[in-house]
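The values are calculated or read from the model by the stated rules, or taken from the named source; none is laboratory data. Only a predicted model underlies this, so the values are computations on that prediction, with no experimental measurement involved. Neighbour counts run over all protein chains shown; Cβ positions are idealised from the backbone, glycine included. Remember, those area values only see protein heavy atoms, side chains included, never the ligands or the DNA or RNA. Shrake-Rupley method; radii C 1.70, N 1.55, O 1.52, S 1.80 Å.
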Amino acid sequence: LGSSIGVGVVSADINAAWDAMIYPLSVFCMGVIVSLVCSVITTNIRPVTTEKSIETSFKTQIFATTGLLLPVNYIVSEALLPEQFYLQPIVGDQYFSLGPFEAFLAVSCGTIGALLMGLVTEYHTSHAFTPVKEVADACKTGAATNLIYGLSLGYKSTIVPSLLLAFMIFYSYSLCDMYGVGLAS
């Protein structure tokens, strides 16, 4: 198949293998830049002026970052990755081919999964939603009730993020093996 560079990335063109290895770093760098841009946008469009505006500012930040990061990652994927490159899987010795779109899907899986996990976490920890209000009501009956209710809510709040994380790992692994899991993270 040609030259081999790094762990499992192979291409007939040495530059294509290098691009596939430098791609995760490029995704990270674009994430930092987009986060900084969205932070500036959020502080100027929806600045935090009162305690109640914190949640609105947070939601603006997380949705703007996700909305801007997806097209930026698609552009980076198409511009940086070769049309086809090969990876050696963790299990087995048969190489499989990947293209920019598979890598973009793995990155998108992690981006959208992080958005969903943030929203679920906000639901379980924000005073604007029912779970926190129910814990506050449980405090009225005594410390034991508060402890039991708080622990059960804590356990319950990990179900959806755990399932999302498992799905993200499964989907990104099925797309690009461990390369995809790294991209999704």
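So the values come out like this:
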| quantity | calculated |
| --- | --- |
| Hits in the stretch 141-163 (condition: surrounded by 15 or more Cβ atoms within 10 Å (Cβ to Cβ) and either in contact with a His (Cβ under 8 Å, 6 or more places away or on another chain) or of a type in the set (A, V, I, L, M, F, W, C) (or both)) | L153, S157, V160 |
| Pair list, Cβ < 9 Å and 6+ apart or interchain, from the stretch 69-87 residues that are farther than 17 Å from V34 by Cα to residues that are outside any loop (DSSP other than H, G, I, E, B) and among the charged types (D, E, K, R) | L80/D19; L81/D19; P82/D19; F85/D19; L87/D177 |
| Helices (runs of 4 or more DSSP H) fully within the stretch 97-185 counting 2 or more residues that are over 30 Å from S26 (Cα atoms) and touching a helix residue (DSSP H, G or I) at 6+ places or on another chain (Cβ under 6 Å) | 130-138, 143-156 |
| Odd one out for K133 among (1) buried (at least 16 other Cβ atoms within 10 Å of the Cβ); (2) without any contact (Cβ under 8 Å) to a residue 12 or more places away in the chain; (3) closer than 25 Å to S57 by Cβ | (1) |
| Residues satisfying the stated conditions in the stretch 24-65, i.e. at pLDDT below 85, open to solvent by 70 Å² or more (accessible area, probe 1.4 Å), part of a helix (DSSP H, G or I) and of a type in the set (V, I, T) | T43, I45, I54 |
| Criterion violated by A166 - all others in (1) of a type in the set (G, A, S); (2) open to solvent by less than 30 Å² (accessible area, probe 1.4 Å); (3) at pLDDT 90 or above; (4) over 18 Å from I62 (Cα atoms) satisfied | (2) |
